[in-house]
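For reference, the structure is listed below as structure tokens.
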């Protein structure tokens, strides 16, 4: 089973704050790390490493995919980045500051939606009475989206 990082999230709201967090974490601000951060800030939600490395459909320069993965892993260990899985296929990456507490994902079409804090709190309360401490940041709640529900 793949699990999410145990590191606390760092909520950098902009590129200068993310760069400051890198330096505070004792990491060098290389051109490759800066490019990864720029891609994450430019992305319109969780994106695959391939999407980020390809320049987000021409909006940014293309990056080396292996370098992208290495830097995403480093940024996740630092707490700036979170990765999530929306069913089968590649994981997606998102800035910790831009990511909510959880997602729902459609197992038929692959659509996903971020859950608000109140919804996640209700889910967490419903699960934690069993003694489990629920984490919703790495895997979504999976089902059918409104467009894929039969008869709608």
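For the range 77-136, build the convex hull from the C-alpha positions and give me its volume per residue in Å³.
With only Cα atoms used, the range 77-136 gives 107 Å³ per residue.
How high is the relative contact order of the range 15-98, given as a whole-number percent (alpha carbon pairs under 8 Å, six or more residues apart)?
After rounding, I find 28 percent.
Using a 10 Å cut-off around each Cβ, can you sort 10, 37, 60 from fewest to most neighbouring Cβ atoms? Please report the intermediate quantities before stating the final value.
Working: 10 20, 37 23, 60 17.
By the 10 Å Cβ count, ascending, the order reads 60, 10, 37.
With a point put 7 Å past each Cα toward its Cβ, work out how far residue 117 is from residue 30 in nm, to one decimal.
Between residue 117 and residue 30, the simple spin-label model gives 3.6 nm.
Going by the alpha-carbon gyration tensor, a ≥ b ≥ c the square roots of its eigenvalues, is the range 20-91 rounded (a/c under 1.5) or, if a/c is not under 1.5, prolate (a/b greater than b/c) versus oblate?
The shape class here is oblate.
Mind checking the angle between helix 15-24 and the chain's longest principal axis? C-alpha axes, 0 to 90 degrees, to the nearest 10.
80 degrees
Report, in deg cm²/dmol and to the nearest 500, the calculated mean residue ellipticity at 222 nm for the chain, where each DSSP H run with n ≥ 4 adds -39500 (n - 2.57) and the sum is divided by the residue count.
About -11000 deg cm²/dmol.
Kindly express, to the nearest 10 degrees and within the range 0 to 90, the angle between helix 65-78's C-alpha long axis and the longest C-alpha principal axis of the chain.
The two axes meet at around 70 degrees.
Set the Förster radius R0 to 22 Å, insert the Cβ-Cβ distance between residue 109 and residue 42 as r into 1/(1 + (r/R0)^6), and round the FRET efficiency to 0.05. Walk me through the intermediate numbers first.
Details: r = 25 Å, r/R0 = 1.13.
My answer for the efficiency is 0.30.
Would you mind calculating the relative contact order of the chain from Cα pairs under 8 angstrom and at least 6 residues apart, reporting the percent as a whole number?
Working: 224 pairs, mean separation 34.3, N = 152.
RCO, the chain: 23 percent.
Rounded if a/c is under 1.5, else prolate if a/b beats b/c, else oblate: with a ≥ b ≥ c from the C-alpha gyration tensor eigenvalues square-rooted, which is the chain?
Note, shape of the chain comes out oblate.
Quote to one decimal, in nm, the extra length available between residue 62 and residue 132 on full extension: 0.36 nm per residue of separation minus the C-alpha distance between them.
21.0 nm
Please determine, in degrees from 0 to 90 and to the nearest 10, the orientation of helix 117-128 with respect to the longest principal axis defined by the Cα atoms of the chain, where the helix direction is its Cα long axis.
60 degrees
Can you give the direction-averaged projected area of the convex hull of the alpha-carbon atoms in the range 103-143, in nm²? Walk me through the numbers on the way to the answer.
Working: hull surface 11.8 nm².
For the Cα atoms of the range 103-143, the hull's average projected area reads 2.9 nm².
Only the coordinates and a few stated rules stand behind these numbers; no lab work does. Computed from a prediction, not measured in an experiment: that's the story for all the values here. Note that we place each Cβ from the backbone using ideal geometry, even for glycine, and neighbour counts take in every protein chain shown.
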